[in-house]
Amino acid sequence: MGNYEQVKMLDFPQRGDDRGHLVVVEGMQDIPFDIKRVFYIFGSDKDVIRGQHANKKTEFVLINVAGTSKVKIKDGKGNEKVFCLDKPHTGIYIPTMVWKDMYDFSKDSVLLVLASEHYDPKEYIRNYAEFVKKIEEREMR
Ligand code: TYD
């Protein structure tokens, strides 16, 4: 299965009760990797497009813990699909070597990102043409 086909929505256990909601995400259980890094994105305007990169090493899970956003995934061969993040108990799993754009942020959007690796700018591919070239090289192997 190619990396693009591995992109999927995840449903997390809800442990809420009459006191309120509680959602659990555990590394290697609900999240298909050990979580090494957490960051969150908020205050992005509706017309902002974030991401616009692929990662050689890092896998991600993105969860809109508040508000909504969309994620567009591209395989570098002309295929793309859009996922809506609109529930605090669901997330999108994004493996390595797929292109991702995050956009259409609601005003109240808080996008939580769980990552499998520490930050290393060298493993980010931020040029789409370079990404396509890398995908073509992988296909030829
Ligand atoms: P960027 O990767 O452009 O964010 P996004 O993909 O959400 O649009 O990162 C924005 C800035 O923050 C950039 O200067 C790099 C820095 N940064 C870190 O230092 N560590 C991190 O873990 C992340 C995600 C970004």
- Task: Calculate, for the range 5-61, the solvent-accessible area per residue in square angstrom, rolling a 1.4 angstrom probe over the heavy atoms of the protein chains.
- Result: 70 Å²
- Heavy atoms only, probe 1.4 Å: what % of the accessible area of the range 1-102 goes to carbon and sulfur, would you let me know? 47 percent
- Message: What is the ratio of the Cα radius of gyration of the chain to 2.2 N^0.38 Å, with N the residue count, to two decimals?
- Response: 1.06
- Test item: Cα-centred dipole of the chain, Lys/Arg +1 and Asp/Glu -1 on Cβ, debye: 340 debye
- Got the relative contact order for the chain handy, in percent, Cα pairs under 8 Å and 6 or more residues apart? 33 percent
- Message: Can you show me the helix-derived [θ] at 222 nm for the chain, built from DSSP H runs with n ≥ 4 at -39,500 (n - 2.57) apiece and divided by the number of residues, rounded to the nearest 500.
- Response: -3500 deg cm²/dmol
- Specify which residue in the list Val82, Ile63, Tyr119 is farthest towards the positive end of the charge dipole of the chain, using unit charges on the beta carbon of Lys, Arg (+1) and Asp, Glu (-1), about the Cα centre. Tyr119
- Once you have the Cα-Cα distance between Arg138 and Glu123, take 0.36 nm times their residue separation minus that, and quote the gain in nm to one decimal. 3.8 nm
- Query: Helix 128-140 sits at what angle to the longest principal axis of the chain, using alpha carbons and giving 0 to 90 degrees rounded to 10?
  - Reply: 70 degrees
- Task: Obtain the nm distance between the two label points defined at Lys87 and Met9 by a simple spin-label model: each point lies 7 Å from its Cα along the Cα-to-C-beta direction.
- Result: 0.7 nm
- Inter-centroid distance (Cα atoms) of the range 1-43 relative to the range 126-141, Å: 29 Å
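The values are calculated or read from the model by the stated rules, or taken from the named source; none is laboratory data. Please read these numbers as outputs of a predicted model, since none were measured by experiment. Positions of Cβ are generated from backbone atoms using ideal geometry, with glycine treated the same way; all protein chains shown enter the neighbour counts. Ligands, DNA and RNA are stripped out before the accessible areas are found, and what is left, the full protein with its side chains, is counted by its heavy atoms. Shrake-Rupley method; radii C 1.70, N 1.55, O 1.52, S 1.80 Å.
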